[in-house]
Amino acid sequence: MERTLTHSLIAVVISSFVAIRSYRRKSLDLSGALAGFLVMTIHFVAGYRFGAMLLVFFFTSSMLTKVGEDKKRRVDADFKEGGQRNWIQVLYNSGIAAVLSVLIGNLTGWEDKCLDSNDSVLITSLIGGIIGHYSCCNGDTWSSEIGVLSDDQPRLITTFKSVRRGTNGGVTKTGFLAALAAGSVIGLTFVLVGFLTTRCSNEMAMKQLLVIPLSAVAGLLGSIIDSLLGATLQFSGFCSVRNKVVGKPGPTVKRISGLNFLDNNAVNLVSILLTTLLTSFACVYIF
């Protein structure tokens, strides 16, 4: 009981500090900061590894969003100074993982557990889901934020034809490499924090290292799924007035690709959900 209270207090302190800091630095608006505090607290109470993965995703994506802002401002029709996020974006990017964290906490008695299907297939699958979730989020963000700054010519993932920068579904080699690196960082975070907070047998502790290449693949897979959805179910067109690629049809907009069926948040949610499920199955098979 005392351990749980201490753990919860630490979670609240960390989450409060990060939410206030992010609001002051305009990484989050007020609604985003409040939502961020809630989901971050849930993650840290359920397990330090989950909170750490969320923080690594948030901090690295926030930093990369602010890199090359002048170039991104010229390309992105929905550019926001500092990449400020609201509560909707926070929940789209962490809501599924928050639900999984609550389920894991209830199953484990709010203690960190190893990935070990011999101990529990369900817990292993749920933990794997969170790993896949943040590998996808980080992979997609790094791929987009770094890819748009590269000198590579973007190509539509479905046809490989050259497209304008900012086109949904446009991919680059640099972007794919960034997605691999982003997933690896999530896996490395899980492993390093797990060594400090989780009790495993020596054999299972070493086997946790497989999370790093698995998360790298999940990061790339999430980016590919996101790009496929963006190229097919998300509208992209060139506005002759704004001289930018936009995400909605209009009288001055010439279509480039995609149906006007999903917006960016919906594309992110579907790609996260699919990557979460696939990584969950992979963890049960591997561990």
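The values are calculated or read from the model by the stated rules, or taken from the named source; none is laboratory data. Values in this document were obtained by computation on a predicted structure and should not be read as measured data. Cβ placement follows ideal geometry from the backbone for every residue including glycine, while neighbour counts extend to all protein chains displayed. SASA here: full protein model, heavy atoms, side chains in, ligands and nucleic acids out. Shrake-Rupley method; radii C 1.70, N 1.55, O 1.52, S 1.80 Å.
What the table shows:
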quantity: For the range 106-186: relative contact order, % (alpha-carbon pairs under 8 angstrom, 6 or more apart); calculated: 30
quantity: Mean Kyte hydropathy of 1.0 or more with a Cα span along the axis of at least 30 Å, helices from DSSP in the chain; calculated: 173-197, 211-233, 264-286
quantity: Two-site label geometry, Asn86 and Leu273: point separation in nm, points 7 Å out along Cα→Cβ; calculated: 2.2
quantity: Accessible area in square angstrom per residue, the range 1-45, 1.4 angstrom probe; calculated: 60
quantity: Segment Val13-Val67, extension gain: residue separation times 0.36 nm, minus the distance between their alpha carbons; calculated: 16.6 nm
quantity: Amide proton proximity set for Leu28, modelled H, under 5 Å, gap of 5+; calculated: Tyr23, Arg85
quantity: Relative contact order of the chain, pairs being alpha-carbon contacts under 8 Å that are 6 or more residues apart, as %; calculated: 20
quantity: Partnerless cysteines, meaning none of the other Cys C-beta atoms lie under 4.7 Å away, in the chain; calculated: Cys136, Cys137, Cys239, Cys283
quantity: Highest-MSF residue in the chain out of Val13, Val56, Val191 [GNM, Cα springs under 10 Å]; calculated: Val13
quantity: Amide H within-cut-off set for Lys244, under 5 Å, with H built and near neighbours excluded; calculated: Cys239
quantity: Segment Phe281-Ala205, extension gain: residue separation times 0.36 nm, minus the distance between their alpha carbons; calculated: 25.4 nm
quantity: GNM flexibility winner over the chain from Asn260, Asn202, Asn268 (Cα, springs under 10 Å); calculated: Asn202
quantity: For the range 162-215: accessible area per residue (Å², 1.4 Å); calculated: 51
quantity: Filtered chymotrypsin sites (Phe, Trp or Tyr not before Pro), the range 135-230: DSSP coil and at most 14 other beta carbons within 10 Å; calculated: Phe160
quantity: Heavy-atom accessible surface of the range 147-287: percent carbon and sulfur, 1.4 Å; calculated: 64
quantity: Gaussian network model of the chain, Cα within-10 Å springs - most flexible of Ile20, Ile272, Ile225; calculated: Ile20
